[in-house]
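Take a look at the structure below.
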Amino acid sequence: MLDTIDLDQRRQLIERIPCRVRVPDDWQRSLEAEGCAASQANEFRAGMRYRVVRRAVVQLYGSLPAFPRPEGYTGAIVQDFSRHGMGVLYHEQLFPEERLRVLLPSISVEATVIRCRRVAQSCYQLGLVLDRDYRLRELLA
Amino acid sequence: MSDKKLIPISLATLEPSDALAWDLYLLPRDSNQYILYRASNYPITSSDLEKLVASGITRLYISREQRASYQQYLRDNADAWLNNSAVPLPERMETLNQVVTGSLSESFRKKEAVERVVGQSSTFGRQTAAFFAAEPILFEDLVRVLQHDYTTFAHSANVCFYSVLLAKHLGFSGDDLAQIATGALLHDLGKLEIDPRLLVKDNRLTEAETREMQKHPTLGFRRLCRQDDLTAAQLLMVYQHHERLDGGGYPVGLTNDEIHPWAKLCSVVDVFDALTSDRPYRTAIADDIALGIMHRDANTAFDSEMLTCWTRLISTSDAN
Ligand SMILES: [Fe+2]
């Protein structure tokens, strides 16, 4: 079961699973800036988004009846997160209401897609809402 | 009976029956005095109906309060009156439009459960597709009977009829036509969750209001996406009908082949109906001017083959 995947296994998965996202050049630079402009806070304030770039692995589950998804893991790039949301770059379009698990080195979180915007070919920006609120240090650890 | 309390119904929609639920009135030729023709719960036979037709009567009248009951009767008997070739085509088309807009307006206003709206749309989708597949329907006949106001249900019904007409001429199969009709009826369902004040605002929307309005494809998709009686293509009509080929659309910004063909088709007739209907902030634009505007966006917003086919359909009608 995925819930029992420990830190080492998550790290191995993230290293092993290829990421098919093709980030365009002009986005590459914006991905390099990390942190939060507002403060050096080590905890989320209301509405605060923290910019961070992390390789991650996504597992889709609970797909929609009309859009079945193959089982398995796919590489992705976490772009930012807030207390209850996450921005992720993915290689294909996902639909609102699709459910997924995002495996970071630090933690595995469950989330629902609420929006998807095309950035470029093989690069889609997903807006996720997390199943529960997280603390910044849980996500960054 | 005062004429203000009566509404006309098409004789063609009545089936011989042991009893109808409403009193039927008649307006004799050369008279403006309505008379009771048949009291409710009194049988009406096929020879009664034939005699009326023979005497040149095409309409009877019922009390306005009984409109809902008559609408229900029309829904229950749609297969019979739609396929009755003795009734002129425009009359059947007009009745179909009244039934579809009447039912949609009812269920949209009541915010009925999504399962019921989908079920009802599927029935109308199937009936509309079968009717359009069987009859030589022309744009000019169709456009005459449609209501061109800005209400979501009138627009949805128009987009349904236009979509089926275009899909038929593009060579889609009968099964596809029924599914396309249903998807088109549902394409703007998400607008039910948008502040109604935005839908009727009589001047330009602010940036924030535009962003709010642009949520409707996603809202509609979220509402419908767990319905296992809808196909992926139908859901994509709801989700992608505001995408543009050049990637400048919403909600995703997809391009060309990433947009489902049914969504591209929906987009052509959706914009056409929007331009040629009265809106709170402007009056309707003539068909040829609307097409001129749309052709500027051929290949950037619209699939040019579909737009050309739609233009040809309209031009043929104009020539007639
Ligand atoms: Fe729309």
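Points to keep in mind about this one:
- Extreme residue, nearest to B:Leu186 (Cα to Cα), among residues of the range B:74-108 that are surrounded by 16 or more Cβ atoms within 10 Å (Cβ to Cβ) and acidic (Asp, Glu): B:Glu94
- Members of the range A:126-141 that are part of a strand (DSSP E or B) and either touching a His at 6+ places or on another chain (Cβ under 8 Å) or over 23 Å from B:Arg226 (Cα atoms) (or both): A:Val129, A:Leu130
- So A:Val113, is it of a type in the set (Val, Ile, Thr), closer than 25 Å to B:Gln240 by Cβ, part of a strand (DSSP E or B) and more than 14 Å from every other protein chain (Cβ to nearest Cβ): no
- Listed conditions (1) more than 14 Å from chain B (Cβ to nearest Cβ); (2) assigned to a loop (DSSP other than H, G, I, E, B) are all met by A:Phe95, apart from (1).
- If only residues of the range B:176-230 that are part of a loop (DSSP other than H, G, I, E, B) and within 11 Å of the ligand (Cβ to nearest atom) are counted, the one that is farthest from B:Ala113 (Cα to Cα) is B:Gln214.
- Flag if B:Gly220 is within 14 Å of chain A (Cβ to nearest Cβ) and either closer than 20 Å to B:Val271 by Cβ or surrounded by fewer than 22 Cβ atoms within 10 Å (Cβ to Cβ) (or both): yes
- Residue-level analysis places B:Ala274 outside the set of residues that are within 16 Å of the ligand (Cβ to nearest atom), within 14 Å of another protein chain (Cβ to nearest Cβ) and either surrounded by 24 or more Cβ atoms within 10 Å (Cβ to Cβ) or touching a residue at least 60 places away in the same chain (Cβ under 8 Å) (or both).
- Some residue of the range A:116-123 being farther than 20 Å from B:Gln214 by Cα, among the aliphatic types (A, V, I, L, M) and more than 11 Å from chain B (Cβ to nearest Cβ): no
- Here B:Ala233 meets the list (1) in contact with a His (Cβ under 7 Å, 6 or more places away or on another chain); (2) free of Cβ contacts under 8 Å to residues at least 40 places away in the same chain; (3) within 14 Å of chain A (Cβ to nearest Cβ) almost entirely, failing just condition (2).
- The listed residue being away from chain B (no Cβ under 14 Å) and closer than 23 Å to A:Asp6 by Cβ, out of A:Arg83, A:Arg135: A:Arg135
Per-residue answers, yes or no, for (1) in a helix (DSSP H, G or I); (2) touching a residue at least 40 places away in the same chain (Cβ under 8 Å):
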residue: B:Ser107; (1), (2): yes, no
residue: B:Thr128; (1), (2): yes, yes
residue: B:Ile137; (1), (2): no, yes
residue: B:His148; (1), (2): no, yes
residue: B:Ala154; (1), (2): yes, yes
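- Residues satisfying the stated conditions in the range B:273-294, i.e. touching a His at 6+ places or on another chain (Cβ under 9 Å) and under 20 Å from B:Leu165 (Cβ atoms): B:Asp273, B:Ala274, B:Thr276, B:Ser277, B:Ala284
- The number of residues in the range A:105-141 being over 30 Å from B:Leu245 (Cβ atoms), hydrophobic (A, V, I, L, M, F, W, C) and either surrounded by fewer than 17 Cβ atoms within 10 Å (Cβ to Cβ) or without any contact (Cβ under 8 Å) to a residue 24 or more places away in the chain (or both) comes to 4.
- Cross-chain or 6+ apart pairs with Cβ under 6 Å, the range B:189-201 first and over 20 Å from B:Phe221 (Cα atoms), then outside any helix (DSSP H, G or I): B:Val200/B:Pro280
- Single residue of the range B:242-261 satisfying the filter (more than 15 Å from A:Phe95 (Cα to Cα) and either touching a His at 6+ places or on another chain (Cβ under 7 Å) or without any contact (Cβ under 8 Å) to a residue 24 or more places away in the chain (or both)) that is nearest to the ligand (Cβ to nearest atom): B:Gly249
- The sole residue among B:Asp246, B:Asp202 that is more than 11 Å from chain A (Cβ to nearest Cβ), surrounded by fewer than 16 Cβ atoms within 10 Å (Cβ to Cβ) and modelled with pLDDT of 95 or more is B:Asp246.
The values are calculated or read from the model by the stated rules, or taken from the named source; none is laboratory data. What you see is a predicted model, and the numbers here were worked out from it, not measured in a lab. As a convention, Cβ positions derive from the backbone with ideal geometry for all residues, glycine included, and neighbour counts pool all protein chains shown.
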